[in-house]
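Asks: To start, I am sharing the structure in question, which I have written as structure tokens.
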Amino acid sequence: MTAPILRSLPDLRTMTAPWLRAGARIGVVPTMGALHDGHLSLVAAAKRDCDHVIVTIFVNPKQFNNPEDLANYPRTEDDDARKLARFEVDALWVPDCDQMYPGGFATNVSVSDLTDVMDGAHRPGHFDGVATVVTKLFTQTRATDAYFGEKDFQQLLVVRRLAADLDLGVTVHGCPTIRDIDGLALSSRNLLLSDRARTIAPRLHEEMEEIAKGLAHGEALAPLRERAVDRLLTAGFTKVDYLDLRSQSDLRSVTDTAQPARLFAAAYLAGVRLIDNIAV
Ligand code: AMP
């Protein structure tokens, strides 16, 4: 059965009120829709842990720094509801922009330090938009648990930070990245790739694995990185925003893997910005 689609806050509150009285665990899975198996893995994790699960679908204009990206973002609500049917979640929370940001809305949630680098540096305002909407989604749904993908690792750390700093009482769970068979990390934006670009896209993950292998053999980061960027540009990527080795706990730049580290990448292919990260 497809779950009820709720669009107004009073309806959502009516649904959650008895859950709160019962002290239930309420899991929330925030998404922007165009659901794929990556999103569905978060839903499965939430279903495993929680008494009730709410999936949210909101294409949040505040986190898009590029109007064209917002206009092109895939919207597939009916398909999304169908894909969720087998999970028997309690509700889809699908607010519109007026519900989320009514006239006069003037509050901004901003997380510092973690957002100075990578997507924070390349997408001005992006993480303020994420932090603001996630704070609202947590308080709207009265979540006790929230599920985020490691695919967006920087976002996961930002959300953990804000949940702790603001005493939101939400445990933030990180779930592993789900990939296509050729290694490409699943992403709603993959729908925007042409057939040709789709054949090139897995190179990003391949080059990251090459760097990880080199590091494991004791090679220096800088030449490995330079070679990978060259090969990506030769393969057809038009720009590499970053290809960074960073500490997994605080995103400080590192040059070796003496401490738990991840390799992070963002690159443009045929006008589509792909991001990925792997543990090394
Ligand atoms: P989005 O709809 O792209 O905003 O993503 C919603 C949630 O799904 C975020 O927590 C993402 O990190 C997560 N997610 C997106 N792609 C994947 C993936 N390939 N594997 C696991 N989680 C993902």
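The values are calculated or read from the model by the stated rules, or taken from the named source; none is laboratory data. Keep in mind the model is a prediction, meaning the values are calculated, not measured. FYI the Cβ positions are ideal-geometry reconstructions off the backbone, even for glycines, and counts take in every protein chain you see. Heads up: the accessible areas ignore ligands, DNA and RNA and are worked out on the full protein's heavy atoms, side chains in. Shrake-Rupley method; radii C 1.70, N 1.55, O 1.52, S 1.80 Å.
Asks: When Asp195 is evaluated against the numbered criteria (1) of a type in the set (Asp, Glu); (2) touching a Gly at 6+ places or on another chain (Cβ under 9 Å); (3) assigned by TED's automatic domain parsing to the domain that holds Ala235, which criterion, by number, is the only one it fails?
Replies: For Asp195, the failing item is (2).
Asks: Quick check on my filter: what residues within segment 239-270 are more than 21 Å from Val159 (Cβ to Cβ) and at pLDDT below 95?
Replies: Residues satisfying the conditions are Thr255, Asp256, Thr257, Ala258, Gln259.
Asks: Being open to solvent by less than 60 Å² (accessible area, probe 1.4 Å), among the aliphatic types (A, V, I, L, M) and over 15 Å from the mean Cα position of the chain (by Cα) is true for just one of Ala46, Ala106. Which residue is that? Spell out the reasoning first.
Replies: Values: Ala106 fails: open to solvent by less than 60 Å² (accessible area, probe 1.4 Å).
Checking each option against the conditions leaves just Ala46.
Asks: Condition (residue is free of Cβ contacts under 8 Å to residues at least 60 places away in the same chain, away from the ligand (no atom under 11 Å from the Cβ), open to solvent by less than 20 Å² (accessible area, probe 1.4 Å) and in contact with a strand residue (DSSP E or B) (Cβ under 6 Å, 6 or more places away or on another chain)) applied to segment 52-73: is it met by at least one residue?
Replies: Within segment 52-73, one or more residues are free of Cβ contacts under 8 Å to residues at least 60 places away in the same chain, away from the ligand (no atom under 11 Å from the Cβ), open to solvent by less than 20 Å² (accessible area, probe 1.4 Å) and in contact with a strand residue (DSSP E or B) (Cβ under 6 Å, 6 or more places away or on another chain).
Asks: May I ask you to list the residues in segment 1-42 that are within 21 Å of Asp96 (Cα to Cα), within 16 Å of the ligand (Cβ to nearest atom), assigned to a loop (DSSP other than H, G, I, E, B) and open to solvent by 20 Å² or more (accessible area, probe 1.4 Å)?
Replies: Result: Met32, single match.
Asks: I would also like to ask the following. For segment 132-180, how many residues are among the aliphatic types (A, V, I, L, M), more than 13 Å from the ligand (Cβ to nearest atom) and buried (at least 21 other Cβ atoms within 10 Å of the Cβ)?
Replies: Going residue by residue through segment 132-180, those that are among the aliphatic types (A, V, I, L, M) are 133-134, 137, 143, 146, 156-159, 162-164, 166, 168, 170, 172, 178.
Next, only the ones that are more than 13 Å from the ligand (Cβ to nearest atom) stay: 143, 162-164, 166, 168, 170.
Next, only the ones that are buried (at least 21 other Cβ atoms within 10 Å of the Cβ) stay: 143, 162, 170.
Number satisfying all stated conditions: 3.
Asks: Out of the residues in segment 183-194 meeting the condition of being of a type outside the set (A, V, I, L, M) and within 13 Å of the ligand (Cβ to nearest atom), tell me which one is farthest from Ile26 (Cα to Cα). Explain how you work it out, then say what you get.
Replies: First, pick out the residues of segment 183-194 that are of a type outside the set (A, V, I, L, M): 183, 187-190, 194.
So of that shortlist, the ones also within 13 Å of the ligand (Cβ to nearest atom) come out as 183, 187-190.
On the way: Gly183: 33, Ser187: 26, Ser188: 25, Arg189: 29, Asn190: 30 Å.
Only one residue tops the list, namely Gly183.
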